[in-house]
1. What are the residues in segment 41-56 that are over 14 Å from the mean Cα position of the chain (by Cα) and surrounded by fewer than 16 Cβ atoms within 10 Å (Cβ to Cβ), if any?
2. Could you identify the single residue in ILE94, ILE38, ILE103 that is open to solvent by less than 90 Å² (accessible area, probe 1.4 Å), over 20 Å from LEU14 (Cα atoms), touching a Lys or Arg at 6+ places or on another chain (Cβ under 6 Å) and of a type in the set (A, V, I, L, M, F, W, C)?
3. Condition check: under 24 Å from ILE103 (Cα atoms), modelled with pLDDT of 90 or more, surrounded by 12 or more Cβ atoms within 10 Å (Cβ to Cβ) and touching a helix residue (DSSP H, G or I) at 6+ places or on another chain (Cβ under 9 Å). Does LEU59 satisfy that?
4. For segment 67-106, what are the residues that are touching a strand residue (DSSP E or B) at 6+ places or on another chain (Cβ under 6 Å) and assigned to a helix (DSSP H, G or I)?
5. Being among the aliphatic types (A, V, I, L, M), open to solvent by 80 Å² or more (accessible area, probe 1.4 Å) and either more than 21 Å from VAL65 (Cβ to Cβ) or touching an Asp or Glu at 6+ places or on another chain (Cβ under 8 Å) (or both) is the filter here, so list the residues in segment 14-35 that pass it.
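The values are calculated or read from the model by the stated rules, or taken from the named source; none is laboratory data. As the structure is a computational prediction, the values presented were derived from the model and not from experiment. Cβ placement follows ideal geometry from the backbone for every residue including glycine, while neighbour counts extend to all protein chains displayed. Please note that ligands, DNA and RNA were not included when accessible areas were found on the heavy atoms of the full protein model with its side chains. Shrake-Rupley method; radii C 1.70, N 1.55, O 1.52, S 1.80 Å.
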Amino acid sequence: MGDLVFIVYISIALIFLIYSIISYKKKNIIYTIRSEKINVSKDNYYKLQLLFCVSNCILLILESVAIYNKTNTTLFVCYYLVTFWVVNYLLKFIGIKMKYLNISYE
């Protein structure tokens, strides 16, 4: 994996971190789980969202550093994307279970 690809993946994680901080301050749900059917019922959700997003960014950066030059690019991209989406959907699941999010079925 080239240096440019490594820098791109680290940059993506850092941009997501900045986006997460802005979403926390503006009290927005991150785009990966945003839906017209999902509403925030408790403001503690935004703290949970920020915690998950920071954890997600740390995981993405650590896996970028750990796998740098050790595997082919296609496998790395798949692993990177799976990590990103699994953590975000875990956030949605936990937010619903903790009753921070409501889903309307109308």
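1. Within segment 41-56, the subset over 14 Å from the mean Cα position of the chain (by Cα) is 41-45.
Of everything in segment 41-56, those that are over 14 Å from the mean Cα position of the chain (by Cα) and surrounded by fewer than 16 Cβ atoms within 10 Å (Cβ to Cβ) turn out to be SER41, LYS42, ASP43, ASN44.
2. ILE103
3. no
4. GLY95, the sole residue that qualifies.
5. The answer is ILE22, and nothing else.
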